[in-house]
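**Student:** Sending over a structure as structure tokens; questions will come in a sec.
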């Protein structure tokens, strides 16, 4: 006769086996669900690794402090921010010499011949509409010294993103004043899509993208996005500027195919950043001889890049009509809008310090003379 303890043990094992058979699939499914939620939470925090580059002129410390307030109060999830020291067109002179690989000799020589005052922005906007290229052809252009400086500043950020461990980076000009409450969720989604796209492209051996062909609007960011515009002009109904502020802050963002004026805040994938650097220089040569980084249909907005924009905007910029370092007719240092004293609202570490970005390694740069051009423009690294 078997001892009672042994019978009890056998019965317990049989019962455990029966329960495992009956509940196993559900238990397994539950485990998978738990794992999935854990993975989603992990992905949800992945935007913390998005490198964010704030373009800022040395003469505008007020704007940099204002960005520190934004990061501490409205966008604490932007934990990996650094400052791009932007080339300043007000420091350009007839003695300035750029590497021909970065700025076309024909364009820059024409600018120098046109006038010795390279900082008279209003003059350049009105009077410099064409130049003669190296082959004697008349080339139409909308470039000004200020726009040359803007391209170089954004390109310095592209270099950082191109060599980043993250599949996506964010570029912000230094006059962003407001963030949408759901901006964090969109950044999460963008990172997930970028990782997925890189993985699928690698497994498929690359190949052309359809750029979300046939998709005009979507609640989920298309897998093949290259550039996502996060900020739009003041006068659009999708703007966070009053009177649209409260209504648009309550709206769940979705995505529209295409782009609008300005690139005050945008996401760009690292593969698109590499492509941008390969195609952008020299500034002033075809097909970018008449190119403004802020104009729809031109560079970063053409068929070479899959571009989308958020609706409503996720980050609101002060605007060219308020305070602009690049548009002459609207230039006015409006210091009041960048005051920080009444914007921290009790948030700790406010304004947050935004350190300078690490120096780029010339040997690893896609446009290795870009940093040299920035030094020629008066920057010190």
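**Student:** Given (1) modelled with pLDDT under 85; (2) farther than 14 Å from residue 284 by Cβ, identify the lone condition not met by residue 95.
**Tutor:** So the condition that residue 95 fails would be (1).
**Student:** Check 75, 95 and return the single one that is crowded, with 23+ Cβ neighbours inside 10 Å and part of a loop (DSSP other than H, G, I, E, B).
**Tutor:** After ruling out the rest, the residue left standing is 75.
**Student:** For segment 121-175, which positions are crowded, with 24+ Cβ neighbours inside 10 Å, modelled with pLDDT of 90 or more and not in a helix (DSSP H, G or I)?
**Tutor:** Within segment 121-175, 168, 169, 170, 171, 172, 173, 174, 175 meet the criteria.
**Student:** Do the conditions hold for residue 114, that is, is it touching a helix residue (DSSP H, G or I) at 6+ places or on another chain (Cβ under 8 Å), at pLDDT below 90 and farther than 27 Å from residue 278 by Cβ? Give the steps one after another, and end with the answer.
**Tutor:** On the way: touching a helix residue (DSSP H, G or I) at 6+ places or on another chain (Cβ under 8 Å): yes; at pLDDT below 90: yes; farther than 27 Å from residue 278 by Cβ: yes.
Yes.
**Student:** Right, something else. Pick from 55, 84, 50: which is at pLDDT below 90 and within 19 Å of residue 358 (Cα to Cα)?
**Tutor:** Going through 55, 84, 50 in turn, the sole match is 50.
**Student:** Within segment 223-243, track down each residue that is over 21 Å from residue 172 (Cα atoms) and crowded, with 18+ Cβ neighbours inside 10 Å.
**Tutor:** 224
**Student:** Within segment 334-354, how many residues are in contact with a helix residue (DSSP H, G or I) (Cβ under 6 Å, 6 or more places away or on another chain), within 15 Å of residue 317 (Cα to Cα) and modelled with pLDDT of 80 or more?
**Tutor:** So the count comes out to 1.
**Student:** A follow-up question, please. Condition check: modelled with pLDDT of 90 or more and under 24 Å from residue 155 (Cα atoms). Does residue 62 satisfy that? Even if it seems obvious, please write down each step before you answer.
**Tutor:** Details: modelled with pLDDT of 90 or more: yes; under 24 Å from residue 155 (Cα atoms): yes.
Against the criterion (modelled with pLDDT of 90 or more and under 24 Å from residue 155 (Cα atoms)), residue 62 qualifies.
**Student:** Next up: So, in segment 77-104, of the ones that are out of contact with any helix residue (DSSP H, G or I) (no Cβ under 8 Å at 6 or more places or on another chain) and free of Cβ contacts under 8 Å to residues at least 40 places away in the same chain, which residue ends up farthest from residue 180 (Cα to Cα)?
**Tutor:** 95
The values are calculated or read from the model by the stated rules, or taken from the named source; none is laboratory data. Given the structure is predicted, the values throughout are model-derived calculations rather than measurements. Cβ atoms come from the backbone with ideal geometry, glycine included; neighbour counts cover every protein chain shown.
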